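What follows is a set of notes on a single structure, which appears directly below.
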Amino acid sequence: MVCIVTGVLSLAQHLKMLQEAPEYYRPTRCPFCGQSGIQHHGHYNRKADRQEVAEGSLNPIAILRFICQHCHKTCSVLPECIPPRRWYLWAIQQAVLSKLISGESLRAASRVAGPCLSTCKRWLKQFKNQFLIQRDALCTHISSLGRSVNFENFWQRCLEEMLLSQAMLLCNYSGALIP
């Protein structure tokens, strides 16, 4: 399970929160052993802003790390806007997914959202592979999504209800893999 802080929906908001309220990111309990006593353990820099440099890149983005005083394991805490193990923000992935489920081609989705064609194709494949698990996880939180049976209809309804980052956060809480 990935440690994700809810409500931080943009990189600018993340940078502001790091300056004004870094304690907001501190987990109350260790994600491994469940004990309290998590201490700040530095940070690492991540290139999360994929905007053109001319538009004023926010890189590098600091990701806070914490260490458990009991089991001595470390964890990193991501803001909601940054997906784990991905280069592009959830907002960009949502734009691609929205285009694809509305019937547009991979090429059109890639052109509008920015990632290359193979990246968009890989995202679609991962979302389709995880569809049943993610659908079940999300339906436990929002029962009205259970009326959608196929991939396109489900994600259309889901993205009308919430942002993709919020949906993936709920999947993470349920223990489902997030792509």
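The values are calculated or read from the model by the stated rules, or taken from the named source; none is laboratory data. The structure presented is a predicted model; accordingly, all values stated were derived computationally and were not measured. Neighbour counts run over all protein chains shown; Cβ positions are idealised from the backbone, glycine included. For the accessible areas, the whole protein counts, side chains as well, though only heavy atoms, and no ligand, DNA or RNA atoms are used. Shrake-Rupley method; radii C 1.70, N 1.55, O 1.52, S 1.80 Å.
Taking the options C120, C139, name whichever one is of a type outside the set (A, V, I, L, M) and either touching a residue at least 24 places away in the same chain (Cβ under 8 Å) or outside any helix (DSSP H, G or I) (or both). Quick ask: steps written out before the conclusion?
Working: C139 fails: either touching a residue at least 24 places away in the same chain (Cβ under 8 Å) or outside any helix (DSSP H, G or I) (or both).
Just a single option satisfies the conditions, and that option is C120.
Give me the pairs: first residue in region 69-93 and more than 14 Å from F127 (Cβ to Cβ) and assigned to a loop (DSSP other than H, G, I, E, B), second residue open to solvent by 50 Å² or more (accessible area, probe 1.4 Å) and aromatic (F, W, Y), beta-carbon distance under 7 Å, and six or more apart or on different chains, which are they?
If the second residue must be open to solvent by 50 Å² or more (accessible area, probe 1.4 Å) and aromatic (F, W, Y), the pairs left are C71/F32; K73/F32.
State the number of residues belonging to region 142-179 that are of a type outside the set (S, T, N, Q), farther than 17 Å from V2 by Cβ, part of a helix (DSSP H, G or I) and open to solvent by 10 Å² or more (accessible area, probe 1.4 Å).
8
Return the total of residues in region 102-137 being of a type outside the set (D, E, K, R) and more than 24 Å from S174 (Cα to Cα).
Residues flagged as of a type outside the set (D, E, K, R) and more than 24 Å from S174 (Cα to Cα) within region 102-137 amount to 16.
Within region 36-68, track down each residue that is in a loop (DSSP other than H, G, I, E, B) and within 17 Å of the chain's Cα centre (by Cα). Before you say what the answer is, go through the steps one by one.
First, the residues of region 36-68 that are in a loop (DSSP other than H, G, I, E, B): 36-37, 47-52, 56-60.
K47, A48, D49, R50, listed by residue number.
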